[in-house]
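The values are calculated or read from the model by the stated rules, or taken from the named source; none is laboratory data. Everything numeric here is computed off the predicted structure, so don't read it as measured data. Don't worry about glycine lacking a Cβ; one is built from the backbone with ideal geometry, like all the others, and counts go over all protein chains shown.
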Amino acid sequence: METRKITCDQCGIEKGETNHWLIAVLPTGDVRFACIVFTPFRADHDDDPEMEMEHLCGEGCAQKRLSRWLTELKANSTSIAKETQIDVHSGSD
Ligand SMILES: [Zn+2]
């Protein structure tokens, strides 16, 4: 089995034997809804080209990552809203 050196994408700590690590999964493709998913760390997770995976050393870094994601979401939401104006009541004339 391949042993890759794994470091936390949030704080940079190197993964040891303990396994309370998490993976943050972010879709990179053209998705309708922005989302972030946290899943328990697995050494054998598949590399999906349409997903960006970030290793996180634990809950603390997962919370920081989520916080950063929400900040980015808020920063992006105004421009996205302008680009993809969905008229729910279209054809009401
Ligand atoms: Zn960390």
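In the range 21-30, is there at least one residue being touching a His at 6+ places or on another chain (Cβ under 7 Å) and among the aliphatic types (A, V, I, L, M)? Spell out how you get there, then give the answer.
Keep residues of the range 21-30 that are touching a His at 6+ places or on another chain (Cβ under 7 Å), which gives 21, 23.
Within this subset, residues satisfying the condition of being among the aliphatic types (A, V, I, L, M) are 23.
Yes; the residues of the range 21-30 include at least one that is touching a His at 6+ places or on another chain (Cβ under 7 Å) and among the aliphatic types (A, V, I, L, M).
Evaluate the range 23-35: report whether one residue or more is in contact with a strand residue (DSSP E or B) (Cβ under 7 Å, 6 or more places away or on another chain), within 16 Å of the ligand (Cβ to nearest atom), free of Cβ contacts under 8 Å to residues at least 60 places away in the same chain and in a loop (DSSP other than H, G, I, E, B).
The answer is no; no qualifying residue exists.
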What are the residue pairs meeting all of these: first residue in the range 49-63, first residue without any contact (Cβ under 8 Å) to a residue 60 or more places away in the chain, second residue aromatic (F, W, Y) and more than 8 Å from the ligand (Cβ to nearest atom), Cβ atoms under 6 Å, and 6 or more apart or on different chains?
C57/W21; A62/F38
Selection from the range 36-74 of residues at pLDDT 85 or above, assigned to a loop (DSSP other than H, G, I, E, B) and closer than 16 Å to I6 by Cα yields F41, C57, G58
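Do you know which of the residues in the range 39-78 that are over 10 Å from L22 (Cβ atoms) and aliphatic (A, V, I, L, M) is nearest to the ligand (Cβ to nearest atom)?
Among residues in the range 39-78 that are over 10 Å from L22 (Cβ atoms) and aliphatic (A, V, I, L, M), the one nearest to the ligand (Cβ to nearest atom) is L66.
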Out of the residues in the range 1-20 that are touching a residue at least 12 places away in the same chain (Cβ under 8 Å) and closer than 14 Å to K64 by Cα, which is farthest from the chain's Cα centre (by Cα)?
C11
